[in-house]
Amino acid sequence: MNKKTPELTRKDVKIVEIFSDLGMPKNLAKTLMYISQCQECRSADIEYGARLRQPEVSVAMHHLEEKGWITKRDQKKEGKGRPIYIYKLTSPIDNIIETFEKEKLQEIESVKKDIKELKSLINDR
């Protein structure tokens, strides 16, 4: 885990905006960009560095786990209380962007197909 908690830079904010414009929820994009800067991090680090609330981070982490983009492990701690998890990316951010790009290109092809079918049905009336 990093000694100093990174924060999102202006460039990161621009990247988040582009992800958001492409349909990724903003909190998910912020979380992804934050984790991409860390070897490993806790959700509390993400909350602080990405300026998100705990529930927002929790939802984003769930989606990132579903996509297989992050892994989590338990951090051993003494005493009782909520477990602490340590998160990290499963592959470099460049690979994740490639996966995201493929998903978006598939969506475009699906939209094109639907529009073509729509035109065909309208013309055959």
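Computed from the coordinates by the stated procedures, all read-outs in this text should not be read as laboratory data. Not measured: the values here are computed from a predicted model. No Cβ is skipped: glycine too gets one built from the backbone with ideal geometry, and neighbour counts run over all protein chains shown.
What list do you get for ASP12, ASP94 if you sort them by fewest beta carbons within 10 Å?
Least crowded to most crowded, the residues run ASP94, ASP12.
Using alpha-carbon pairs under 8 Å, 6+ residues apart, how would you state the relative contact order of the chain in percent?
Details: 122 pairs, mean separation 26.4, N = 125.
The normalised contact order for the chain reaches 21 percent.
At q = 0.12, 0.14, 0.20 Å⁻¹, what log₁₀ I(q)/I(0) does a Debye calculation on the Cα points of region 1-90 give, no solvent, two decimals?
Debye intensities relative to I(0), on a log10 scale: -0.34, -0.46, -0.92.
What's the exposure ranking of ILE35, ILE122, ILE15, going from fewest to most Cβ atoms within 10 Å?
Working: ILE35 25, ILE122 8, ILE15 19.
Ordered from fewest to most neighbouring Cβ atoms within 10 Å, ILE35, ILE122, ILE15 come out as ILE122, ILE15, ILE35.
How many angstrom lie between the Cα centre of region 106-124 and the Cα centre of region 1-77?
So the two Cα centres are separated by 36 Å.
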